[in-house]
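The block underneath contains the structure these notes are about, expressed in structure tokens.
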Amino acid sequence: MWRKNKKRKPGKIDSLVGGNSVLTGDVKFSGGMHVDGTIKGTVCSDDGGYSCLTVSERGTIEGEVQVECVLLSGLVKGDVRASEQIALASSARVEGDVYYGLMEMAIGAEVNGKLVRITDEERPALSLDYGGVPQESD
């Protein structure tokens, strides 16, 4: 069955890491998260729905990222797994592999690693893919 691939805009920001903040440890969030500071640890979304991570030009993540949607303008030192979509601005830098469903990459963005497209069969089904109606698996 074909998936409905609608380009989603990031929603509201539920969590914020300020410019002078340094968080050490793993971070798990839901909804929207904006990073202006530094996170040293894994950043992943809660399994409960669609989440979007925004990393500004001043933001840095030193660890793996596992989120449905990633809007990156800053630096990630680690692998990025964006199961739905990733947008790399011209100032974005990734020192690791990028796994993505859909990708937008501006001129000037850097990926020092592999780019690996996640096929529809490998991507986890999200309730938003089916108009908000959960689908039963076989």
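Exactly one condition in (1) surrounded by fewer than 19 Cβ atoms within 10 Å (Cβ to Cβ); (2) closer than 17 Å to Glu104 by Cα is not met by Val76; state its number.
Going through (1) surrounded by fewer than 19 Cβ atoms within 10 Å (Cβ to Cβ); (2) closer than 17 Å to Glu104 by Cα one by one, Val76 breaks only (1).
Just one of the numbered conditions (1) over 10 Å from the mean Cα position of the chain (by Cα); (2) at pLDDT 95 or above is not true of Gly101; which one?
Every condition holds for Gly101 apart from (2).
Report, ordered by the first and then the second residue, all pairs with beta carbons closer than 7 Å, sequence separation of six or more or different chains, a first member in segment 108-123 that is closer than 11 Å to Val76 by Cβ and among the hydroxyl-bearing types (Ser, Thr, Tyr), and a second member that is modelled with pLDDT under 80 and surrounded by 14 or more Cβ atoms within 10 Å (Cβ to Cβ).
Qualifying pairs under 7 Å: none.
Take segment 27-47 and flag every residue that is assigned to a loop (DSSP other than H, G, I, E, B) and either within 17 Å of Ile13 (Cβ to Cβ) or at pLDDT 95 or above (or both).
Those that are assigned to a loop (DSSP other than H, G, I, E, B) and either within 17 Å of Ile13 (Cβ to Cβ) or at pLDDT 95 or above (or both): Ser30, Gly31, Asp36, Gly37, Gly41, Thr42, Asp46.
The values are calculated or read from the model by the stated rules, or taken from the named source; none is laboratory data. In this text the structure is predicted, and so the values were computed from the model without any measurement. Cβ coordinates were reconstructed from backbone atoms using ideal geometry, including for glycine residues, and neighbour counts include every protein chain displayed.
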